[in-house]
1. Starting from residues that are open to solvent by 30 Å² or more (accessible area, probe 1.4 Å) and aliphatic (A, V, I, L, M), keep the ones in segment 105-134 and report whichever is nearest to residue 70 (Cα to Cα).
2. Filter segment 263-294 down to residues that are closer than 22 Å to residue 549 by Cα and among the acidic types (Asp, Glu), then give me how many there are.
3. Need pairs with beta-carbon distance below 8 Å; first residue under 15 Å from residue 769 (Cβ atoms) and open to solvent by less than 60 Å² (accessible area, probe 1.4 Å) and within segment 781-794, second in a helix (DSSP H, G or I) and among the hydroxyl-bearing types (Ser, Thr, Tyr); sequence gap 6+ or separate chains.
4. Run down 264, 292 and say which single residue is closer than 20 Å to residue 537 by Cβ, among the hydrophobic types (A, V, I, L, M, F, W, C) and open to solvent by less than 40 Å² (accessible area, probe 1.4 Å).
5. Condition first: in contact (Cβ under 8 Å) with a residue 24 or more places away in the chain and out of contact with any Ser or Thr (no Cβ under 9 Å at 6 or more places or on another chain). Now tell me which residues in segment 48-59 satisfy that.
6. If you take just the strands (runs of 3 or more DSSP E) that sit entirely in segment 1-104, which of them hold at least 3 residues that are open to solvent by 70 Å² or more (accessible area, probe 1.4 Å)?
7. Quickly run through segment 548-572 and pick out the residues that are surrounded by 24 or more Cβ atoms within 10 Å (Cβ to Cβ), in contact with a strand residue (DSSP E or B) (Cβ under 9 Å, 6 or more places away or on another chain) and of a type in the set (A, V, I, L, M).
8. Please work out if residue 330 is modelled with pLDDT of 95 or more and outside any strand (DSSP E or B).
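The values are calculated or read from the model by the stated rules, or taken from the named source; none is laboratory data. Predicted, not measured: the structure shown is a model, and the values here were computed from it. Methodologically, a virtual Cβ is constructed for each residue, glycine included, from the backbone with ideal geometry; neighbour enumeration extends over all protein chains shown. The area values use the complete protein model at the heavy-atom level, side chains included, leaving out ligands, DNA and RNA. Shrake-Rupley method; radii C 1.70, N 1.55, O 1.52, S 1.80 Å.
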Amino acid sequence: MIENLAVVGKPLPRVDGIIKANGDAKFTVDIDLPGTLTGMILRSPHPHAKILNIDTSRAKRLPGVKAVITGHDLGDVKISFVDTPRYPADEPPLKTDKVRYIGDEVAAVAAIDEDTALEALELIDVEYEVLPGVFDPEEAMKEGAPIIHPAQYASTSAWEEWGAKKTRSSTATYDHVNLSGQSDMEWGDIERGWGECAYIFEGRYETPAVAHCAMEPHAAIAHYDATGKLNMWLANMGIFYKRYILARCLGIDQSRLRIQKSYVGGAFGGKMDVFPYEFCAAELSRRTHKPVRFECTREEVFTTTRQRHPTISYLKMGFTKDYKLHCLDTKFIVDNGAYRGTGAIVIFLGHAYNIPCYRIEHYRYKGYSVYTNHPIRGAQRGHGAPQIRYAMDSLFDEAAVAMGIDTADLMRLNAHQTGDVLWNGDPLNSCGLTDAINRATTRADWWAQRQASRGARLAPAASTAVTKRGIGLSVCSMFSGAPYYPFASAAIIKMHDDGKATLITGVTEMGQGAETTLAQVAAEELGVSLDDIHVHANDTETTTIDMGSFLSGGAFVTGNAVRAAAAEVKRQLFEAAAAMLEAHVDDLVARGGKIFIKGSENHGIAIAKVVEHITHETLGDPVIGKGFYKAVPGVNRYPSLAKGKGRWTDAYGFAAQISEVEVNTVTGAVKLLRVTTAHDCGYPLNSNIVEGQIDGNVHMGLGQALHENIELHDGQLFNPSFLSYAFPTISDTPEVVNELIHTYDPKGPFGAKEVGEGVVAGMLASIANAVADALGVRIRELPITPEKVLKALEQKRRDERSGKNGGNGKH
């Protein structure tokens, strides 16, 4: 239990709130260095073509142009978020042989201003030979499909024949062509298990590509200073990962690359990768000896800086006669786009984010990430969890209805519990999933509303009712950090003579409140107020290594590092204070900027006096503490993306989400009325920030369930702006009700674990299940647009006239 905390758990204001409100916070686009050149990239107009020739001579002669580069100037450089022997990097920053999507990078220029750079791009002549494209992942996997990456396959005949049943990369064997990754996981005996099932259900579900829609566009500034050190400012999610990849690709030592702090105006996964424009900024600065700025247009952001992976999920699940989930067979197909990006990761996560929710006796999973001639896909909030959980809990809801058991009861019956150990060895040291289901269903009056919506469907006037209401439930889980470079986070706390402290951390603040919550952890451990902590963050030269603000490890991993650093400082303070107070260290308490003997708050001494005493007694030895923490202590390698083996995380967050909708059967419009989220985040370090993160997930999930869709036709993007892309507005905002489940994870800082990413995953299925509850018909392809609703209702009427029940189960 957490008791008597003074700072942690309190809804305190953000430490960066004032400077963001008054405009003092500097984002990447605000960095203004003297003599900065404008960088721009020439992009492919074709989805798939050979490059026969690139002529930059006219562009180089244009007055004001300081440098023009192509892939031929760079050597054999490739970038990718995944770069392993099995999955080597496959994206050259500038292409020399082929372009693989509309927007692919061909050449880059640096000029004195934007107009000159644009004119230079127009003067670059590129000769192409257009090749056949493939835009459907299931078509791309078939024999005879155009091969997008011929070098991926060792068999020459596969390229010559434009396809093969079985192809091989240098280190991996794949089931199909055009695969950028494949994952195969299995336990139990699923073929035997099917014979033990009383109920079997199958379904196919699709999710589209969607955009991140961060307010701040992607940008980079690079500057080689007089010492030869490369300084960069980037829209990022993790400076040490960016430094690691960029230094390697540029062929320089990591210590010669400094990434300096700039605030990030939203990311949602979309600023995690290393991008070609970042590499080009550095390379052009190296060649011109001038600062170079790249700022992506909104169309470039939509097209070239990653989108959420569109997916096709085939699920088959079987239940015993007592409704236990006995078998689950999954095929998860991901449209990866033109380059690997995070494709090999997302198909692993389609497994890893699904299995923590329910106990399963027999299991088989196949994940395929597929090259197509679409833009590159990458991480977005939840990274695979929304897609697979949409499919899983949609079929779960269908199964419950068909078996005559309430969906909440079925989920509760099969939910994992504290003490369970997952297939890969991850222990569930805390698991509030059952509690979350109970709290959400009670708060939303689940059973009464479920009965009311079904009663309305069966009422005599149901066929003429214009509006119908429904309620749906889904559950989800999320890591609290995972083994990925640099595998750990560290922190330093330095005390000042006035009793205040500076927290030094490499964390990236991108709107999620990381600096605030980490400062609260430090303040609580030290016994000072939040105002007594100054945060110095996000600079590879002057801060400690950090895992980055992805994989939801900020509170858990970096929070533990900060608490360890504060504990080391407190040890030094207590040892000195014990001598000053003539007391034993174990009898001391720090609170309100003072150290005193337990039970005797009047018998104490100010922390500032203790710091002064230590400094004087030790001839100036500063009071400094360092702390560090690994995502999974003792694990020094990545988990197997292909087989799912190895530890993934030390703690899981869980949530249950209930959506209530109203559907207009004349127009097909769906209105989300209310969302209830019960979230097990261990213990909230700052309840305001936690609820803000939940609210953000609710709105993102609303958009992806009902509105959002990247519209691509033969590789061409048709809605690359905030005007044409349909994301939610204020008029779509539902009532949001949040319940925070306090499970107190024993390994988390003050019991905290993941928050801010996982709960988007429950939104898609809860909304889809609510629509199905309202209409009595299932829509298995997102987003659930008015056109799809009307089409489904018409199909339902035809089925009723013909005597079909439209069911999906086999009994």
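1. The residue in question is 126.
2. Applying the first criterion (closer than 22 Å to residue 549 by Cα) to segment 263-294 yields 263-279.
From what is left, the residues that are among the acidic types (Asp, Glu) are 273, 278.
Total meeting the criteria: 2.
3. 782/390
4. Only one candidate qualifies: 264.
5. Result: 48, 49, 50, 52, 53, 55, 58, 59.
6. Where strands (runs of 3 or more DSSP E) fall fully within segment 1-104 and carry at least 3 residues being open to solvent by 70 Å² or more (accessible area, probe 1.4 Å), they are 49-55.
7. Residues satisfying the conditions are 551, 557, 561, 562, 565, 566, 569.
8. no
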